[in-house]
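One structure is given here, and the rest of the page talks about it.
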Amino acid sequence: MSDTLASTESGLWLDDPAHRAYLAGDARRQLDFFDASLGHAGGLAVLDYAGTPLPGPQELHTTTRLIHSYGLGHLAGRPDRAGIIDRGMQDLWARHRDASHGGYVWSVDAQGPVDGVKLAYGHVFVLLAASTAKLVGHADADRLLADISEVLDRHYWDDNAGLFRDEFTRDWQPFSTYRGMNANMHGVEALLAAYEATGESVYLTRARRIFDFFLGRIAPAEGWRIPEHYTEDWQIDRDYEGNPMFRPAGSTPGHSFEMGRLQLQLWDLMGRPDDGASERARRLVEQALTDAWDADRGGFIYTLAPDGSVARRARYWWPVTEAIGALAALIKLDPRPADEDWYRRLWRFADRHLIDHERGGWLPELDDANQPARHQFNGKPDIYHALQADLLPLAGGISRGGAALQSRPPLAG
């Protein structure tokens, strides 16, 4: 363990100067560690446990999440010394962007596109990166925002359903009828960021429509668990199983934490209407805490079967980070003793088992003895989830986090 998690057991940790200093210190170490993502050969790379760039193509979600993360760091008062934002913005426009067909290819190397598939999941992260770059004041942000908004509108947005379609070939031929929650959830994240950066109401309206479906219709009918996979006409597909990380079968409690926090952000941006949205967010988060906490090992199991039983027992870092963000939002809105208890439990677990205090960054997976496991990841996959676990609790309010960090930058100095 490193530093002091908090100076007191009374009051809220969000208000405790020692805890806030702990969060800022972890954020700085993460940014220092991931500076090496700008590899010696140019481009942005995934890092191994020691911070050495790993070989392989540069994937769209790596490029975009690094832009977003270093943008948040910049807003919070830590300059982007490595030039991650500039390089990422250049790579999005000159390497990922498909000049022939439009849109953004999934992966590239020095010779050009490696995997030309065009996924909604990757494209909504382009919107997120562009939105954060605009808050930072990057010169190319408006160009990227206009382009990705047009691509999403033309190819992915299904206005009849009020949801995003998922996947196309490089020349925009649909190659499956798959529809998914994950791309739509991250779509909400990106739409809210775009609204906060531009004030354009279309982004907020589309985010509301997506959550009207998942949180207004699906979650209550499914016991406050949200299935991951759907058919072309948006019926739950309980038999589908794809990539074990991005498309596992069943439901993923970690996504419930993300969706709960995003629902509160959306509700706040809409003026906090009396529509039950905040209560739905709490129900979703509390159900995931109950379902997924591993009482023997700590941490959260990865997936649930349709009946709510454990499906995949693997424990990754990111559900812990997302639960921290959701609980911080609930505490800011309506602090309850159970929320504070959970918030403290998660930080104690992360401090003891997940945070690499020596090098920086979080360990992505644990074995049964709570030692680092390497079944799913070769290194530390990205900074995005864990940095937000530090910065979102430090930001005032439950929406407009970038502006809040900029107004009182916790990483300055």
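Every read-out reported here was derived from the displayed coordinates using simple, explicitly stated rules and does not represent laboratory data. Worth saying up front: this structure is predicted, and the values here are computed from it rather than measured. Using ideal geometry, Cβ is built from the backbone for each residue, glycine included, and neighbour counts are taken over all protein chains shown.
What dipole magnitude, in Debye to the nearest 20, does the chain give about its Cα centre under +1 on Lys/Arg Cβ and -1 on Asp/Glu Cβ? Taking the Cα centre of the chain as origin, the dipole is about 480 debye. Compared with the alpha-carbon gap, the fully stretched path from ALA41 to ARG297 is longer by 88.1 nm at 0.36 nm per residue.
Scanning residues 5 or more positions from LEU163 or on other chains, those with amide H under 5 Å from its amide H are ASP158, with H placed 1.01 Å from N in the peptide plane. Here TYR104, TYR178, TYR121 are placed in order of increasing Cβ neighbour count within 10 Å, fewest first, which gives TYR178, TYR121, TYR104.
With the alpha-carbon atoms of region 24-407 aligned to their principal axes, the span from lowest to highest coordinate is 51, 50, 42 Å, starting with the largest.
Can you figure out the FRET efficiency of SER309 with ASP334, using R₀ = 25 Å and their beta-carbon distance, to the nearest 0.05?
Calculated value: 0.25.
Across region 158-176, the residues whose backbone nitrogen lies under 20 Å from the label position 7 Å along the beta-carbon direction of ASN243 are 164-176.
In the chain, a dipole from Cβ-located charges (positive for Lys and Arg, negative for Asp and Glu) runs towards its positive end, and of GLN58, VAL46, ALA404 it is ALA404 whose Cα lies farthest in that direction. Any aspartates and glutamates with Cα under 13 Å of the LYS134 Cα? List them, leaving off those in the same chain fewer than 8 positions away. Within reach: ASP86, ASP142, GLU196.
Here the extension length gained between ASP275 and THR52 equals 75.4 nm, from 0.36 nm per residue of separation less the Cα-Cα distance. Footprinting exposure proxy ranking of GLU358, GLU232, fewest other C-beta atoms within 10 angstrom first, gives GLU358, GLU232. Over all other residues within a Cβ to Cβ distance under 11 Å of ALA193, the charged ones net out to 0, with Lys and Arg as +1 and Asp and Glu as -1. Scanning residues 5 or more positions from TYR49 or on other chains, those with amide H under 5 Å from its amide H are LYS380, with H placed 1.01 Å from N in the peptide plane. Close amide-amide hydrogen proximity is noted between TRP362 and ASP356, each under 5 Å apart and 5 or more residues distant or on a separate chain (H modeled in the peptide plane; Pro and chain starts excluded). For region 230-321, the dipole from Cβ point charges (+1 on Lys and Arg, -1 on Asp and Glu) about the Cα centre works out to 400 debye, to the nearest 20.
Say the dipole of the chain comes from +1 at the beta carbon of Lys and Arg and -1 at that of Asp and Glu; which of GLN111, GLY77, ALA190 then lies farthest toward its positive end? Among GLN111, GLY77, ALA190, the one farthest towards the positive end of the dipole of the chain is GLY77. Model label sites at THR8 and HIS357, defined 7 Å from Cα along the beta-carbon direction, differ in position by 2.4 nm. The string of couplings for region 194-210 from the Karplus curve (6.51, -1.76, 1.60, θ = phi - 60°) is 5, 5, 5, 7, 10, x, 7, 5, 4, 5, 5, 4, 5, 4, 5, 5, 4 Hz, one whole number per residue in order, with x for Gly and Pro. Put in line by how crowded their Cβ is, counting other Cβ atoms within 10 Å and starting with the fewest, SER407, SER7, SER37, SER100 read SER100, SER407, SER7, SER37.
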